[in-house]
Amino acid sequence: MSELLTPEAATVMNLPRRDAQDKLRGRTKYTIDRARPDMLHAVLLRSTVPAGRIVKLDVSAVWDCPGVRGVVTGQDAPGLYGIGIADHPLLAIDTIRYHGEPIVAVAAETVELAREALKAVVIEIEPVAALTTMEEALAQGARLIHEDWRSYDVLAEGGSGSGNIAWEAKSSRGDVEAAFARPDVTIIESSIGVGRQSHVPFEPRVAIGSWEDGRAHIQTSTQVPWTVRNVTGRVMQLPPGHVRVTVPPVGGGFGLKFDASIEPITAVLARMTGRGVILENTRQEEMATCLCRENAEIRIRSAVTAEGEIVGREAVVLMDCGAYGGEQVFLTTMTSHTLGGNYRVGAIAITSRAVYTNTPPNGAFRACNGVYNTFALERHTDEICAAMGFDPIAFRKENVLGDADLGPTGQVFEGDVLEPMLHRMDALRERTGTLEHLADGRLYGRATTVGTWFVFVGPSTATVNLNADGSATLVTSGVEIGSGTMVQALPQIVAGQLGLDPDQVIVREADTDAAGLDAGVGGGRTTVSIGAASVAACDDVRQKLLRTAGEMLQAKPEDLVLSKGRVEIAGRPGSGTTIPAVVAHAQATTGPISGSGAFTAKNTPAMAGCAMGHFIDALDIPVFVVHEAEVAVDPDTGIIEVLAYRVVQDVGRALNPRAIYSQIQGGVVQGLGYALHEEVTITADGRIAQDGFETYRVPLAGDVVPVAIDLYEGAPSIGPLGTKGAGEVPILAVGAAIGCAVSNAIGKPVDRLPLTPPRVLRLLHDREPRPAFPHIAPGWTQNTPS
């Protein structure tokens, strides 16, 4: 007799990806594969200067070009959109703010005809001096990149910005000035600079727009179908309900596809022409205008006692949002929770600014600003230890956040998580052994770092329909972006709740007409938020199913259990009936069985008055990591070899360990690219120089390092079955671990990423200047005007 598993136990398994075979064999139908022969093809005329005023724009001759069926300018969709502040036009109207900004869209019978027609556009732009760095943008008397910023709609409460500062978020807890004035403290200060990182998903951004029954229908490769719906409605001045968004499988996102910059263009052209319109970025367009992880400049200082107590900390972070606020407006919030995370601090004050520059807009990228804030905080921690004679690992064990400790906004953390994870890293290192012998005469370094991130909860809905054959259909606005959540975790959760096999759970593609509101796929939220909504929907279904089965079996619903496709009387295996039989009875008597559920943030409290300009005052689900790297540095070439890499990751509860392992392995490799060789530079004329695979160095197969992994379970979580998001955080502390390990190897401070061979050689020969940010005032209060 087999033992009956609880729904929780039945959910946990190493379920393979159901989409793996189709993706490997090229059978998966992405957005571009859904183009029809009768569709028009759209292309964009983009600016070739980084800043200027449009003094003349005439598209009349374009209409006479062969094959042209539609021409759109900013006047055809004048609404502004954005996050927190509506500052972004769909197409430039009278001002150019970055090199590559779209100005005109043309739809023609073929891509070639559309591109040829662009030559007929008559345009005159009066160039103005571009502000391509944050130092230039923040200089006294600097030209305003958004001259009419005061007229923009503020879309979130508590917004604070002015001039070339798109948004400012601050947190302050305790008396920081008094902490730094204490006679028994040593003050350590660090300055850190990081560059941009490009996402480079295999599938570029692509959208298909059509006009159906007086409404826009957009098929698109996006992570945020409801954002696309709302932005399209806003810029077209339509009720959002007049826009339908459906999402085929997405060929990688990593945060790049959190925007809605091309989808509305296809809808405007479809309305104009009455035809379906497809718009796909070329690889060059994608990389030259992509929403990179932003470059940033950080100044942080701490007051530490001789006993190792951190009594005060203050920090300023400048984030380059590029020409428009975008995701960086929201991400100013996360500075407090990441740069102010990890450690117990007596008093703390942090300010974070999203700064406009005349460069391509930046955006969200896996773990976002947490990646470089963790690098800055962990390098700063090592500099504290070096200056004051503390052992770095012992210092971390003594000071990491624990149960009842306060975060930077006054949030009270639950449970001791990071310290046990550091001990687990000790055990993992002991099991695997260290590889210093492989350095073979090169400079060897090892470092252990920690990181704090979060699961962005937000609203999600789910509907579960039981079918006549006993299968279940899950309807959500979730999107499969390659992480496997929609084809592994969610089928597992629904199957475990309803006593089915995961293969019996059908997961529908996202369709805003069929599914309710969802905040989007990213931030590690899919398994948690959509999973919790799915559990609630399954609870509704289970109650109806058991009630009907009780009538059939003449048993109380509370005496019945669901297992292996059957409804049975508890303790009597083989009794009862099949789920299809119960569904058939219900359809004949009371109607089909379906259920709906919803989930959103629980709004963990922060301390009153501690957070200003924040979108999230406290973390509903904090997630922690411990990373360790061993490196060997060639002193003659500056080349870094990663000898070993170890991860202890807080997962809450591991529903699919194999899937989590793959996410950690992939995230670490992506982080190695950020730490070692992925470099984005801005040319003198405001262009992104690395606009193709020939010039942008992503990790290759030979760069992959096997990762030793330990999944830490049991930390508090409001996620379904105790889960936490596992796909976002594997990249979080990679830059920190590599940077600290390299610093230990070469005996020099590491203040910048990436650590390319030329930079490492400059460090070795004392030719790499340390970051100096004259536009960041020495004290926190001077950087936070009232």
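The values are calculated or read from the model by the stated rules, or taken from the named source; none is laboratory data. Just so it is clear, the model here is predicted, and its values are computed rather than measured. Note that we place each Cβ from the backbone using ideal geometry, even for glycine, and neighbour counts take in every protein chain shown.
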Take the residues of the range 286-324 that are part of a strand (DSSP E or B) and polar (S, T, N, Q): which is nearest to GLY195 (Cα to Cα)? SER302
Which one of these does GLU694 not meet: (1) among the charged types (D, E, K, R); (2) closer than 24 Å to LEU619 by Cα; (3) free of Cβ contacts under 8 Å to residues at least 12 places away in the same chain? (2)
Right, GLU414: modelled with pLDDT of 95 or more and either touching a Pro at 6+ places or on another chain (Cβ under 6 Å) or under 30 Å from PRO635 (Cβ atoms) (or both) or not? yes
Using beta carbons and a limit of 9 Å, which pairs, at least six apart or on different chains, have the first residue in the range 11-36 and more than 24 Å from LEU655 (Cα to Cα) and the second one part of a helix (DSSP H, G or I) and among the polar types (S, T, N, Q)? ARG27/GLN21
Please find, within the range 56-88, the residue that is nearest to SER151 (Cα to Cα) out of those that are in contact with a Phe, Trp or Tyr (Cβ under 8 Å, 6 or more places away or on another chain) and not hydrophobic (A, V, I, L, M, F, W, C). ASP87
Of the conditions (1) surrounded by 21 or more Cβ atoms within 10 Å (Cβ to Cβ); (2) at pLDDT 95 or above, ARG525 satisfies every one except a single condition; which number is it? (2)
Report yes if GLY638 is surrounded by fewer than 23 Cβ atoms within 10 Å (Cβ to Cβ), touching a Pro at 6+ places or on another chain (Cβ under 6 Å) and assigned by TED's automatic domain parsing to the domain that holds ILE718, otherwise no. yes
Top-ranked residue in the range 553-568 [being surrounded by fewer than 17 Cβ atoms within 10 Å (Cβ to Cβ) and free of Cβ contacts under 8 Å to residues at least 24 places away in the same chain; ranked as nearest to the chain's Cα centre (by Cα)]: GLU558
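Just checking, which of ASP38, ASP87, ASP94, ASP64 is under 27 Å from the mean Cα position of the chain (by Cα) and modelled with pLDDT of 95 or more? Don't jump to the end; show me each part of the working.
Numbers: ASP38 fails: under 27 Å from the mean Cα position of the chain (by Cα); ASP94 fails: under 27 Å from the mean Cα position of the chain (by Cα); ASP64 fails: under 27 Å from the mean Cα position of the chain (by Cα).
One residue alone meets the criteria, ASP87.
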Regarding GLY407, is this residue at pLDDT 95 or above and in contact with a His (Cβ under 9 Å, 6 or more places away or on another chain)? yes
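Looking at GLU168, GLU147, GLU177, can you tell me which residue is in a strand (DSSP E or B) and not aromatic (Phe, Trp, Tyr)?
Numbers: GLU147 fails: in a strand (DSSP E or B); GLU177 fails: in a strand (DSSP E or B).
Within the list GLU168, GLU147, GLU177, the selection yields GLU168.
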All-but-one check, LYS748 against (1) in contact with a helix residue (DSSP H, G or I) (Cβ under 8 Å, 6 or more places away or on another chain); (2) assigned to a helix (DSSP H, G or I), failing number (2)
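Matching residues to (1) over 30 Å from ILE493 (Cβ atoms); (2) out of contact with any helix residue (DSSP H, G or I) (no Cβ under 8 Å at 6 or more places or on another chain); (3) surrounded by fewer than 18 Cβ atoms within 10 Å (Cβ to Cβ):
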| residue | (1), (2), (3) |
| --- | --- |
| THR695 | yes, yes, yes |
| LEU700 | yes, yes, yes |
| TYR712 | no, no, no |
| VAL734 | no, no, no |
| ARG762 | yes, yes, yes |
| GLU768 | yes, no, no |
| PHE773 | yes, no, yes |
| ILE776 | yes, no, no |
With criteria (1) among the hydroxyl-bearing types (Ser, Thr, Tyr); (2) closer than 29 Å to ARG366 by Cα; (3) modelled with pLDDT of 95 or more, SER160 comes up short on (3)
Test set (1) more than 24 Å from ALA296 (Cβ to Cβ); (2) within 19 Å of the chain's Cα centre (by Cα) - LEU672 fails condition number: (1)
Cβ pairs under 8 Å, 6+ apart or interchain, first in the range 139-163 and under 18 Å from ASN358 (Cβ atoms) and free of Cβ contacts under 8 Å to residues at least 60 places away in the same chain, second among the polar types (S, T, N, Q) and surrounded by 12 or more Cβ atoms within 10 Å (Cβ to Cβ), ordered by first then second residue, are ALA142/ASN164; LEU144/ASN164; GLU147/THR95
Which listed residue, of THR434, THR449, is surrounded by 15 or more Cβ atoms within 10 Å (Cβ to Cβ) and in contact with a helix residue (DSSP H, G or I) (Cβ under 7 Å, 6 or more places away or on another chain): THR449
ILE746 meets each of (1) closer than 22 Å to ARG313 by Cα; (2) in the same structural domain as GLY671 (by TED's automatic domain parsing) with one exception, condition (1)
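Taking the range 452-479 as the search range and keeping residues that are among the aromatic types (Phe, Trp, Tyr) and touching a His at 6+ places or on another chain (Cβ under 9 Å), which one is surrounded by the most Cβ atoms within 10 Å (Cβ to Cβ)?
TRP453
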Answer residue from the range 220-254, given it is in a loop (DSSP other than H, G, I, E, B) and in contact with a strand residue (DSSP E or B) (Cβ under 8 Å, 6 or more places away or on another chain) and is farthest from MET39 (Cα to Cα) among those: LEU238
So which of GLU203, GLU124, GLU136 is at negative phi and assigned to a loop (DSSP other than H, G, I, E, B)? GLU203
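Being at pLDDT 95 or above and in a helix (DSSP H, G or I) is the requirement here; does ILE664 meet it?
Numbers: at pLDDT 95 or above: yes; in a helix (DSSP H, G or I): yes.
So ILE664 passes the test.
Given the condition at positive phi and either part of a strand (DSSP E or B) or assigned by TED's automatic domain parsing to the domain that holds SER261 (or both), answer yes or no: does some residue in the range 91-105 qualify? Don't jump to the end; show me each part of the working.
If we filter the range 91-105 for residues that are at positive phi, which is where we start, we get 100.
Filter once more, so that each one left must be either part of a strand (DSSP E or B) or assigned by TED's automatic domain parsing to the domain that holds SER261 (or both): 100.
There is at least one residue in the range 91-105 that is at positive phi and either part of a strand (DSSP E or B) or assigned by TED's automatic domain parsing to the domain that holds SER261 (or both).
Determine if the range 21-35 includes at least one residue that is on the phi > 0 side of the Ramachandran plot and part of a loop (DSSP other than H, G, I, E, B).
Initially, the range 21-35 is screened for residues on the phi > 0 side of the Ramachandran plot, giving 26.
Okay, now just the ones that are also part of a loop (DSSP other than H, G, I, E, B), so 26.
Yes, there is a match, as at least one residue in the range 21-35 is on the phi > 0 side of the Ramachandran plot and part of a loop (DSSP other than H, G, I, E, B).
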